[in-house]
Amino acid sequence: MAKKKTYQQVSTTQQRATRRLINASQKDPATLLIQYDNSFDGYDEEKVEEMRDQYGINVITKHNEETVFTRLKDAFVNPFTIVLFVLSAISFVSNDIQAVIIVMSMVIVSGLLRFFQEQRSSVAAEKLGEMVETTAAVMRCSEETSKPEKKELPLDEIVVGDVVHLAAGDIIPADIRIIQAKDLFVSQSSLTGESEPVEKFPTEVEKKTTNLLDLNNLAFMGSTVVSGSAIAIVLAVGDDTSLGAIASQLQGKAPPTSFEKGVNEVSWLLIRFMLVMVPFVFILNGFTKHDWLEAFLFAVSIAVGLTPEMLPMIVSANLAKGAVSMSKKQVIVKELSSIQNLGAMDVLCTDKTGTLTQDRIILEYHMDIHGNSDDRVLRHAYLNSYYQTGLKNLMDISIIERALEEEVITANDKFRKVDEIPFDFGRRRMSVVVADDKGKTQLIAKGAIEEMLSISSFVEYQGNVEPMTEALRDEIMGICTGYSEDGLRILGVAQKNNISSAGAVSVSDEADMVLIGYLAFLDPPKESAAAAIEALHSYGVDVKVLTGDSDAVTESVCRQVGLPYENTILGSDLDNMGDTELSEIVETHQVFAKLSPSQKTRVVTALRMNGHTVGYLGDGINDASAMRASDVGISVDTAVDIAKESARIILLEKDLNVLEKGVIEGRKIYANIIKYIKMTASSNFGNVFSVVAASAFLPFMPMLPIHILLLNLIYDTACASIPWDNVDKEFLAVPRKWDASSIGKFMLWIGPTSSIFDITTYLLMYYIICPLVCGGQLFPQIADPAVRLLFIATFQAGWFIESMWSQTLVIHMIRTPKIPFIQSWASVPVVLSTLAGIVALTVIPFTPFGASLGLAPLPAVYFSWLAATILAYILLVTLIKAIFVKKYGELL
């Protein structure tokens, strides 16, 4: 088995591969096949292994791929944990071993949780990625029969010297030399940025150049076949390809998505808030308590409390959980960050075939120009579909099956293919030239009826060829329109005999043809389509149809599935619209028909410019550009290679019901991430008010730094269950865009609410509970140092417990606009983790461990006051939530 090469080896072998490609461009195909000891029949397995050992595997090394070590390092080295490391170092210098243990516990807990979740996320993504495989058609010698076979093989099994077959929609699997081609156009935009496809030829190139992209008989890994067909020999694989050379130069990470930018913005907002408040708390405590070291330690511990060190873990856990959950619902996530875009999607653009329809094309009728059944039309259509080398679509398959079923072609019919003109989206037709055993040649074309009428000067009826007249044209269009309105798709069939240019046919030969009839196909709507569209609408997703099919057929299908189809916009209409007019049209129209790939892209771009989050569901070559232009490209595992590569989400079942489940999961993930962020932001903001008030008016520290750290550790551990929380159905009903602006408003409203009850707890502890424990004396009246310490320890224990109760209960209060525990329950993991946190922290002051931290046991009466405080807190937060929702429309 070949091994991956080092970076230095890659550079050397790339240079050799470049020379190999240039030399190959100057040689004829026969010489190349001899040079690589191959033929059009392909290698056997022994030769494959020999070539793989000599030239390497067809896998590009990911130079920036995260290893387990780098992932572990990133989990423990970030702005959040650096603060914890600094505090730990200070505590160590101060000989405060307890603080060191707790701080390092926080580092270990947050770091390991993030590491394991990201590792799980990475493994999940790899496993899901393996479920969607890109293949290439390769000639190989069968081990069983020793006969040549065309096999669909994964790209990593291709070796130098392999003979590959290419058709429209294929991704070029390696750097190759074209040895046979017919109207081969390749898009090299992934390498050059050129939007226009480039034609490739099999002839050798004589000019001298060191720029591989200038050689028109070479094609490169990662580029795509737009139209035509070819046979090629592989010259370079993996790191030795042009794409591999580019990859080896890319050392930086991919730019962050809008979702990642949003999370980063919130993180730095909280860090900046901490950097402003901590010096203020330090100075305030230093002047009021006159112990600058203690004030410094307290300020740094406050900094830790204000730092959302669990945020990276929460995000990773949510995305990993979401990807695995979505895979169980037949949705594969290629890029984890795209999950949030799926939940934010408010417009879904989709093609018609297979999404709204059953993707089960049935040839209903084969007719002459007057609408009468005619086997001769089927016979010509069969020859066109059977002999074309491009991508056979469902209509081609249906034609072939019907022709064989009705035996319109017999064993005595001898035909051979002479040439072809592949399908393209400009002409919307394809042609083949066939010859019979008597030497008669025919150019047979089939395509959209409008395009076939444009190249037909004659019509054939009952064996007679007549000139095309306006009356006949109107009759033909009338018949076709009638069938289209019934949901049938119409293709025209035309032919021309004994063409003079047989063997070198071009588009110019598609003229003065004889229209002999047409084919009517039925692709019935899915029974589930109407309900699925209604469900998507109920979740705030507007469905728009973007198709290359005719307007009559599209309108018929849309009518049956409940989509508004009046005033369908055609591709020709788009050509006459400016961007301003189009931006208005896309808001008011649902159906766009007879669109070219570029027109689909234009519609998607216009919707995005209007502020929509746009998803595009497609599976064809003509969908790839629009998928790239959308916020989230969605395809299916049966799609052509270029469509699957352009997509970020892959559906294992081409069904809108499956997509609906993905949308819901995306919104759940967003909900649980924004919950943690808003909980943390509001809690931190409230804590600052509480700390400032305590620092200003209390003659001692309201809590020791070690108390704050322990409180933060237990609270963060409880928060680790948030990715598994339930989400209210009402929240899922609306698309959710990333919006950091709401976080500031939320902080200002909810944060100070907890401060009110922190301050009432100060008053309760200072004037009632602590004097009760200390013989009825207030703190200034106490002379005995031991009693003063008891007063402080009791006070700190009281706030320690109240802080945990309020912070933990706020998770349940903020997670829903409803009344918690009555109208909306958190998930079992959240309930158990928060309950465990409350119990653990409440017990600590009553244990030797609590005594070692300077906490004192509390009297029973304290818990009566605590219950009243928490109840009042819940009531106030419920009131503030209702006001906030009424004012801003939503809580989260």
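Taken over segment 518-538, the criterion of being under 20 Å from Asn393 (Cα atoms) and either over 29 Å from the mean Cα position of the chain (by Cα) or among the acidic types (Asp, Glu) (or both) is satisfied by Tyr518, Leu519, Ala520, Phe521, Leu522, Asp523, Pro524.
Keeping to segment 821-862, report how many residues are more than 28 Å from Lys729 (Cα to Cα) and either open to solvent by less than 10 Å² (accessible area, probe 1.4 Å) or part of a loop (DSSP other than H, G, I, E, B) (or both). Final tally of qualifying residues: 12. Taken over segment 693-722, the residue count meeting the criterion of being among the aromatic types (Phe, Trp, Tyr) and open to solvent by 20 Å² or more (accessible area, probe 1.4 Å) is 1. Looking only at segment 464-514, residues that are within 16 Å of Gly371 (Cα to Cα), of a type in the set (D, E, K, R) and in contact with a strand residue (DSSP E or B) (Cβ under 7 Å, 6 or more places away or on another chain) come to 1 in all. For segment 723-739, the set of residues classified as open to solvent by less than 40 Å² (accessible area, probe 1.4 Å) and either within 20 Å of the chain's Cα centre (by Cα) or hydroxyl-bearing (Ser, Thr, Tyr) (or both) consists of Pro723, Leu732, Pro735, Arg736, listed by residue number. Output the number of the condition that Leu595 fails; it satisfies all remaining conditions of (1) in contact with a strand residue (DSSP E or B) (Cβ under 9 Å, 6 or more places away or on another chain); (2) assigned to a helix (DSSP H, G or I). It is condition (2) that Leu595 fails.
Summed over segment 432-446, residues that are open to solvent by 40 Å² or more (accessible area, probe 1.4 Å) and within 19 Å of Pro422 (Cβ to Cβ) total 0. Are there any pairs, at least 6 apart or on different chains, whose C-beta atoms fall under 8 Å, with the first in segment 147-175 and free of Cβ contacts under 8 Å to residues at least 40 places away in the same chain and the second acidic (Asp, Glu), and if so, which? Correct list of pairs: Pro154/Glu133. The number of residues in segment 530-546 being in a loop (DSSP other than H, G, I, E, B) and open to solvent by 10 Å² or more (accessible area, probe 1.4 Å) comes to 2. Taken over segment 478-498, residues that are closer than 21 Å to Asp523 by Cβ and either modelled with pLDDT of 85 or more or open to solvent by less than 40 Å² (accessible area, probe 1.4 Å) (or both) amount to 10. Looking across segment 447-477, just one residue is open to solvent by 60 Å² or more (accessible area, probe 1.4 Å) and aromatic (Phe, Trp, Tyr), and that is Phe458.
Could you please find all residues in segment 863-881 being touching a residue at least 40 places away in the same chain (Cβ under 8 Å) and open to solvent by 60 Å² or more (accessible area, probe 1.4 Å)? The one that is touching a residue at least 40 places away in the same chain (Cβ under 8 Å) and open to solvent by 60 Å² or more (accessible area, probe 1.4 Å): Trp865. Take the conditions (1) at pLDDT 80 or above; (2) open to solvent by less than 20 Å² (accessible area, probe 1.4 Å); (3) among the small types (Gly, Ala, Ser); Ser742 misses just one of them, which is (1). Is it true that some residue in segment 674-692 is among the small types (Gly, Ala, Ser), more than 39 Å from the chain's Cα centre (by Cα) and open to solvent by 30 Å² or more (accessible area, probe 1.4 Å)? Looking for residues that are among the small types (Gly, Ala, Ser), more than 39 Å from the chain's Cα centre (by Cα) and open to solvent by 30 Å² or more (accessible area, probe 1.4 Å), one finds none in segment 674-692, hence no.
Screening Gly244 with (1) open to solvent by less than 50 Å² (accessible area, probe 1.4 Å); (2) under 30 Å from Val48 (Cα atoms); (3) modelled with pLDDT of 75 or more gives one miss only, at (3).
For every residue, the table says whether it meets (1) at positive phi; (2) open to solvent by less than 10 Å² (accessible area, probe 1.4 Å); (3) out of contact with any Ser or Thr (no Cβ under 6 Å at 6 or more places or on another chain); (4) modelled with pLDDT of 80 or more.
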{"site": "Leu582", "(1), (2), (3), (4)": "no, yes, yes, yes"}
{"site": "Glu587", "(1), (2), (3), (4)": "no, no, yes, yes"}
{"site": "Gln599", "(1), (2), (3), (4)": "no, no, yes, yes"}
{"site": "Val614", "(1), (2), (3), (4)": "no, yes, no, yes"}
{"site": "Val636", "(1), (2), (3), (4)": "no, yes, yes, no"}
{"site": "Ala671", "(1), (2), (3), (4)": "no, yes, yes, yes"}
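Based on what the data block shows, is Tyr518 out of contact with any Ser or Thr (no Cβ under 6 Å at 6 or more places or on another chain) and assigned to a strand (DSSP E or B)? Yes, satisfied.
Mind listing just one residue for me: the one in segment 766-780 that is touching a Pro at 6+ places or on another chain (Cβ under 9 Å) and either of a type in the set (D, E, K, R) or assigned to a helix (DSSP H, G or I) (or both) and, of those, surrounded by the fewest Cβ atoms within 10 Å (Cβ to Cβ)?
So the residue we want is Pro780.
In segment 323-336, the residues that are at pLDDT 70 or above and polar (S, T, N, Q) form no Cβ pair under 6 Å with any partner that is in a loop (DSSP other than H, G, I, E, B) and crowded, with 18+ Cβ neighbours inside 10 Å, whether six or more places apart or across chains.
Scanning segment 733-765 for residues that are part of a helix (DSSP H, G or I) and of a type in the set (Val, Ile, Thr) yields Ile743, Ile750, Thr753, Ile756, Ile759, Thr760, Thr761.
Only one of the numbered conditions (1) within 43 Å of the chain's Cα centre (by Cα); (2) farther than 27 Å from Thr816 by Cβ; (3) of a type in the set (Lys, Arg) is not met by Arg788, and that is (1). Considering segment 547-575, and only residues there that are among the polar types (S, T, N, Q) and outside any loop (DSSP other than H, G, I, E, B), the residue that is surrounded by the most Cβ atoms within 10 Å (Cβ to Cβ) turns out to be Thr554. Checked against (1) in contact (Cβ under 8 Å) with a residue 60 or more places away in the chain; (2) surrounded by 17 or more Cβ atoms within 10 Å (Cβ to Cβ); (3) of a type in the set (Val, Ile, Thr), Ile756 meets all criteria but (2).
The values are calculated or read from the model by the stated rules, or taken from the named source; none is laboratory data. Predicted, not measured: the structure shown is a model, and the values here were computed from it. Neighbour counts run over all protein chains shown; Cβ positions are idealised from the backbone, glycine included. To get the accessible areas, we keep the full protein, side chains included, count just its heavy atoms, and leave off ligands, DNA and RNA. Shrake-Rupley method; radii C 1.70, N 1.55, O 1.52, S 1.80 Å.
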